[in-house]
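**Q** If you scroll down you'll find the structure; I have some questions about it.
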Amino acid sequence: MAELTTLARPYAKAAFESGLGDNSLGHWSSVLATAASVSSEQSVTRLLTDPSLSTDSVVDSFVELLGDDLDTKARNFIRLLAENKRLVLLPAISALFHALKANQERSITVEITTAFEVSSENLDNLAQGLKGRLAQDVSLSTTVDNSLIGGAVVRAGDTVIDNSVRGKLVKLVESMNS
């Protein structure tokens with residue numbers, strides 16, 4: 001995973017700097033998200049990695065799949081990725097780009113996984129607390145996972161706070177086994 005991130009980072013930075021330079025971060029965000037989604041399909045991945053196809057035919061086929069939303073810069077970006085055999089990195093490039101964009105906009109999406117539904121009032125309180133602690137605008141993404149038994153797992157970027165009953169039981173078992 002680290003290797004893919006290392007390979008994808010320069011491309012994500014280049015797309016980000018291009019979007020920042022001409023005030024088109026939203027457009028780049030949309031293009032990269034779509035390209036990442038399309039390139040993740042198994043049949044498309046086979047196309048992108050087929051050694052019998054020329055770079056031009058791969059680019060033409062992939063651009064056709066993406067539709068008419070691509071401007072000249074985006075097409076050139078896709079061509080550069082194809083020439084360097086990096087089209088399969090599009091999901092990682094998109095994720096890194098979105099992280100750079102969120103950092104620029106001083107916003108972060110926090111994923112909260114709970115054992116039970118949480119009231120909107122509690123979610124609002126949590127969002128306000130996280131906003132103060134992270135010094136960024138916070139948008140919450142919530143899911144329910146009954147296997148947590150109780151408590152919650154909070155993911156904000158690289159930070160993970162596991163305050164679930166399942167997490168505490170796992171830590172107890174690990175400490176008893178060591």
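Every number in this text was worked out from the coordinates using simple rules, so none of it is lab data. None of these values were measured; they are calculated from a predicted model. All Cβ positions, glycine included, derive from the backbone under ideal geometry; neighbour counts span all protein chains shown.
**Q** From the residues Leu81, Gly26, Ala102, which one has its Cα farthest along the dipole of segment 2-102 in the positive direction, the dipole being from +1 and -1 charges on Cβ of Lys/Arg and Asp/Glu about the Cα centre?
**A** Ala102
**Q** Still on this model: Can you sort Ser175, Ser52 so the residue with the fewest Cβ neighbours within 10 Å comes first?
**A** Ser52, Ser175
**Q** Here's a follow-up. About its Cα centre, what dipole magnitude does segment 53-152 give when the only charges are +1 on Lys and Arg Cβ and -1 on Asp and Glu Cβ, stated in debye to the nearest 20?
**A** 480 debye
**Q** Identify all lysines with a Cα-Cα distance to Lys73 below 21 Å; exclude those on the same chain that are fewer than 8 residues away in sequence.
**A** Lys13, Lys85, Lys101
**Q** Given the options Ala92, Ala102, Ala152, which has the most mean-square fluctuation in a GNM of the chain, springs set between C-alpha atoms less than 10 angstrom apart?
**A** It is Ala152.
**Q** What size of dipole, in debye to the nearest 20, comes out for the chain about its Cα centre when the only charges are +1 on Lys and Arg C-beta atoms and -1 on Asp and Glu C-beta atoms?
**A** Here the size comes out at about 580 debye.
**Q** Taking the dipole about the Cα centre of the chain, with the C-beta of Lys and Arg at +1 and of Asp and Glu at -1, give me whichever of Phe62, Leu47, Leu134 is farthest to the positive side.
**A** Of the options given, the answer is Leu134.
**Q** Of the options Asn125, Thr159, Met176, report the single residue whose Cα projects farthest towards the positive end of the charge dipole of segment 106-177 (beta-carbon charges: Lys, Arg +1; Asp, Glu -1).
**A** Met176
**Q** To continue, here is another question. If you look at just the Cα atoms of the chain, how large are its Rg and its Dmax in Å?
**A** Both quantities, over Cα of the chain: 20.2, 60 Å.
**Q** Which value in deg cm²/dmol, rounded to the nearest 500, describes the helix-derived mean residue ellipticity at 222 nm for the chain, given -39,500 (n - 2.57) per DSSP H run of n ≥ 4 and division by the residue count?
**A** -19500 deg cm²/dmol
**Q** Please list, short to long, the whole-number percent of alpha-carbon pairs of segment 1-46 in consecutive 5 angstrom bins beginning at zero.
**A** So the P(r) values, bin by bin, are 5, 20, 19, 25, 20, 9, 3.
**Q** Taking a cut-off of 17 Å between Cα atoms, list the aspartates and glutamates near Lys131, but don't count ones fewer than 8 places away on the same chain.
**A** Glu105, Glu111, Glu121, Asp158
**Q** Still on this structure, I have one more. Can you compute the charge dipole magnitude of segment 2-102 about its Cα centre, using +1 on each Lys and Arg Cβ and -1 on each Asp and Glu Cβ, nothing else charged? Give it in debye, rounded to the nearest 20.
**A** 360 debye
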